[in-house]
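Okay, structure first, notes after.
Every read-out reported here was derived from the displayed coordinates using simple, explicitly stated rules and does not represent laboratory data. These numbers were taken from a predicted model, which means no experiment stands behind them. A quick note on method: Cβ atoms are made from the backbone with ideal geometry, for glycine too, and the neighbour counts reach across all protein chains shown.
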Amino acid sequence: MCEQSVGRTQTALSSFYRRIRGRAGGKRAITATAHKLARLVYRMLKHGTEYVTKGLAEYETKMRSQAERSLKRKAAGLGFELVPKAVRK
């Protein structure tokens, strides 16, 4: 139940849930989010550390940079080069 309610919040975990739900479906997203949450809790209990909240913007920036690196690698493998467009304001 916790994983389903996390999908409605504006946190890094909710962004993770929505990203996985788009790729693998709702049931797998719930399982993956539950697994991620269980690992976080386990690490906190094992090492006695406090939970550090990652912001939604920080998580989405990280995912965007990973996607850009992946696209650049794929393009280079096919003999292309990616050139960023100017951002409109």
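Across region 56-81, what is the total count of residues that are exposed (fewer than 11 other Cβ atoms within 10 Å of the Cβ), over 15 Å from the mean Cα position of the chain (by Cα) and among the aliphatic types (A, V, I, L, M)? Counting residues in region 56-81 that are exposed (fewer than 11 other Cβ atoms within 10 Å of the Cβ), over 15 Å from the mean Cα position of the chain (by Cα) and among the aliphatic types (A, V, I, L, M) gives 1. Among the candidates Thr53, Thr11, the residue that is surrounded by 13 or more Cβ atoms within 10 Å (Cβ to Cβ) and either of a type outside the set (Val, Ile, Thr) or more than 30 Å from Leu82 (Cβ to Cβ) (or both) is uniquely Thr11.
Filtered by the rule that a residue be free of Cβ contacts under 8 Å to residues at least 40 places away in the same chain, assigned to a helix (DSSP H, G or I) and among the acidic types (Asp, Glu), region 21-72 gives a lone residue, Glu68.
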